[in-house]
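Here's the structure, in structure tokens; my notes come after.
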Amino acid sequence: MNTEAKQTLLAKVNNGERLNADEGLALFNEPDLLWLGQLANLSRERKHGDVTYYNKNLHLNSTNICEADCIFCSFARLQRGMPGAYSMSVEDAKRWISERFQPGMTEIHIVNGLNPELEFEYYLDLLRMIRRDFPALHIKAFTAVEIHYFAEKFGLSYEQVLEYLVEAGLGSLPGGGAEIFAARARNKLCRDKVTAVGWLEVHRVAHELGLKSNCTMLYGTIETLEERVDHLLRLRELQDLTGGFQAFIPLAFHPENNRLGKIGAPTGACDLRVMAVSRLLLDNIPHVKAYWIMLGIKTAQLAQRFGANDLDGTVTEEKVYHMAGARTPDMLTEAQLRTLIEDVGRVPVERTTTYDVIERSPAIAPLSAELL
Ligand code: V47
């Protein structure tokens, strides 16, 4: 990008003006990573100042048996009995959570395979059990892909599925399953899963019912830069209508143990560029998460200077990325998360799933109390 084009973009970002598709594409093609980071940082600091949020959460994947055949996925097993396939009963899930639950945790994040053997009652019982036995946990569960699957399989509308789940304890929706919306890439990556229109419709209906949700983009597979821009702008368009997305999480392709492995992983520069361009194009989505499990701890830390204002959480145990080759630990302690934030000059703030600030007791926060 020449100096004049850079000046124009800088002025637009300074004035809070919306960037268009051509500008998004130019940003994806921009080699000057530090300039891009500074531009995204302007937008990030206008929204959040120096604050970086984190939360104390737990990830549960109660089954990895999945009818969908996504070529980038290392987590799913097509059928029961295949090596590594598992399905927890509600009792198993209760035991699994009990063994990992720590006082102070505020969220459970649940994403599962599309398991043909489970009835709708299983999902309702799972949520009811968590609400009854772990009432401190906000339940962020089931991607739009799963909601669509339940609707088709159990003969319900999206609205009915969501209403039943909310009645059983659902608090919000995670952002997975969006992958890449453009039909060319989507048909190759995950041809038997909900379409882009369906994914967006599930979130639209959820927002209409008053649920908050997150959104994602899988990058570093076969998508073109134009398809990335298209994806981000389709999220922005829905957000203009509903305002229900809380956070966007860019998801870097992990190449181990799946059929797309030969492509390899995106580079660190690509990770930071996607983070920055996402922050700049998604002007109406409040939060951009650097999910450390997926980015790696060091890149996630730097991402706080490239547009990100959330590191997600303690996580406690993760399967989707570790089965695809992630080398990150299974969990970070609160103290480790706070250090990663403070060490890049940001202010750590613990949040709930819905971004309410959790005030810390000075007794448990001797090192950073003055920052809050
Ligand atoms: O939907 C699967 C992706 C997603 C691979 O909402 C892969 O707060 C890269 O959505 N390489 C699940 N990506 C994770 C997810 C998520 C994570 C953290 C926070 C939130 C949130 C949502 O992971 C899937 C898919 O898009 N995925 N396999 C892979 N090999």
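Please determine whether any residue of segment 184-200 is within 23 Å of Gly24 (Cβ to Cβ), under 17 Å from the mean Cα position of the chain (by Cα), open to solvent by 20 Å² or more (accessible area, probe 1.4 Å) and free of Cβ contacts under 8 Å to residues at least 60 places away in the same chain.
Yes, segment 184-200 has at least one match.
Scan segment 249-272 and report the pairs whose first residue is small (Gly, Ala, Ser) and whose second residue is assigned to a strand (DSSP E or B) and within 12 Å of the ligand (Cβ to nearest atom), with Cβ atoms within less than 8 Å and a gap of 6+ or a chain change.
The qualifying pairs are Ala252/Tyr219; Ala265/Ala252.
Could you check segment 324-365 and list, in sequence order, the residues that are within 22 Å of Cys215 (Cα to Cα) and either touching a helix residue (DSSP H, G or I) at 6+ places or on another chain (Cβ under 7 Å) or in contact (Cβ under 8 Å) with a residue 40 or more places away in the chain (or both)?
Ala324, Ala326, Val349, Glu350, Arg351, Thr352, Thr353, Thr354, Tyr355
Output the qualifying pairs, or none if there are none: Cβ atoms under 6 angstrom, residues six or more apart or on different chains, first residue in segment 227-241 and without any contact (Cβ under 8 Å) to a residue 60 or more places away in the chain, second residue hydrophobic (A, V, I, L, M, F, W, C) and part of a helix (DSSP H, G or I).
Glu227/Ala185; Leu238/Leu200
Please find, within segment 70-83, the residue that is most open to solvent (accessible area, probe 1.4 Å) out of those that are more than 14 Å from Gly177 (Cβ to Cβ) and part of a loop (DSSP other than H, G, I, E, B).
Arg80
Looking only at segment 322-349, how many residues end up being open to solvent by 10 Å² or more (accessible area, probe 1.4 Å) and under 23 Å from Gly171 (Cβ atoms)?
Counting residues in segment 322-349 that are open to solvent by 10 Å² or more (accessible area, probe 1.4 Å) and under 23 Å from Gly171 (Cβ atoms) gives 3.
Looking only at residues in segment 220-265 that are aliphatic (A, V, I, L, M) and near the ligand (Cβ under 10 Å from one of its atoms), which one is farthest from Tyr291 (Cα to Cα)?
Here the answer is Leu260.
How many residues are open to solvent by less than 30 Å² (accessible area, probe 1.4 Å), part of a strand (DSSP E or B) and not polar (S, T, N, Q) if we restrict to segment 42-57?
1
Residue pairs, Cβ under 8 Å, 6 or more apart or interchain, first in segment 206-226 and under 23 Å from Asp22 (Cβ atoms) and at pLDDT 95 or above, second open to solvent by 50 Å² or more (accessible area, probe 1.4 Å) and within 14 Å of the ligand (Cβ to nearest atom). List them.
Gly220/Ile263; Gly220/Ala265; Ile222/Ile263
Does segment 71-97 hold any residues that are among the small types (Gly, Ala, Ser), away from the ligand (no atom under 16 Å from the Cβ) and in contact (Cβ under 8 Å) with a residue 24 or more places away in the chain, and which are they?
Result: Ser87, Ala93.
Table: residues versus (1) under 14 Å from Glu179 (Cβ atoms); (2) crowded, with 18+ Cβ neighbours inside 10 Å; (3) not hydroxyl-bearing (Ser, Thr, Tyr).
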position	(1), (2), (3)
His207	no, yes, yes
Val229	no, yes, yes
Glu237	no, no, yes
Thr242	no, no, no
Ile249	yes, yes, yes
Ile263	no, no, yes
Thr267	no, no, no
Ser278	no, yes, no
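For segment 58-69, enumerate the residues that are out of contact with any Leu (no Cβ under 6 Å at 6 or more places or on another chain) and in a loop (DSSP other than H, G, I, E, B).
Within segment 58-69, Asn61, Ser62, Asn64, Asp69 qualify.
Are there any pairs with C-beta distances below 6 angstrom linking a residue in segment 146-161 that is within 23 Å of Asn64 (Cα to Cα) to a residue that is in a loop (DSSP other than H, G, I, E, B), with the two at least 6 apart or on different chains, and if so which?
Within 6 Å, the pairs are His148/Val194; Tyr149/Leu114.
Whether any residue in segment 139-156 is modelled with pLDDT of 95 or more, touching an Asp or Glu at 6+ places or on another chain (Cβ under 7 Å) and within 16 Å of the ligand (Cβ to nearest atom) is what I want to check.
Within segment 139-156 (the criterion being modelled with pLDDT of 95 or more, touching an Asp or Glu at 6+ places or on another chain (Cβ under 7 Å) and within 16 Å of the ligand (Cβ to nearest atom)), the answer is yes, since at least one residue qualifies.
Tell me, yes or no, whether segment 291-302 has at least one residue that is part of a loop (DSSP other than H, G, I, E, B) and touching a helix residue (DSSP H, G or I) at 6+ places or on another chain (Cβ under 9 Å).
yes
The values are calculated or read from the model by the stated rules, or taken from the named source; none is laboratory data. Predicted model, so just to flag it, every value in this text is computed and none were measured. Note that each Cβ is placed from the backbone with ideal geometry, even for glycine, and that neighbours are counted across all protein chains shown. In case anyone asks, the SASA skips ligands and DNA or RNA and just uses the protein heavy atoms, side chains included. Shrake-Rupley method; radii C 1.70, N 1.55, O 1.52, S 1.80 Å.
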